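Presented below is the structure to which this report refers.
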Amino acid sequence: MNIKLNGEMVELSNEIKNIQQLLVFYKLEDRLVIVEHNRDIILKDQYESKEIQNGDEIELVHFVGGG
C-alpha cells in the first residue's frame, strides 16, 4: 500500500492496517504524537479503529526535547 506520509510517498507493508500499527512500525507508540489523517486530526482513542487506505495522506508530528 502507498500513502503520503509527512509529504513523502512511502510504501507500507500490507500488515499495517491502522494508525496504531503505523505508530508501532515507526516506534512512536509511546511518544506524544499528533496524527492527521486525510486532513482530520485523529484522537488517541481512535488510533486502532482508524483504518489506513491506499493513497491516504498522513501527517505525524512528534515532539523532541533537548537543551
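Read-outs: derived from the displayed coordinates by stated rules, not from any lab. As the structure is a prediction and not an experimental result, all values here were calculated from the model. With ideal geometry, Cβ positions are generated from the backbone for all residues, glycine too; neighbour counts draw on all protein chains shown.
Which pairs have Cβ atoms under 7 Å, sit 6 or more apart or on different chains, and link a residue in the range 25-54 that is of a type in the set (Phe, Trp, Tyr) to one that is assigned to a loop (DSSP other than H, G, I, E, B)?
Phe25/Ile16
Would you pick out the residues in the range 1-33 that are within 24 Å of Val64 (Cα to Cα) and of a type in the set (D, E, K, R)?
Lys4, Glu8, Lys27, Glu29, Asp30, Arg31
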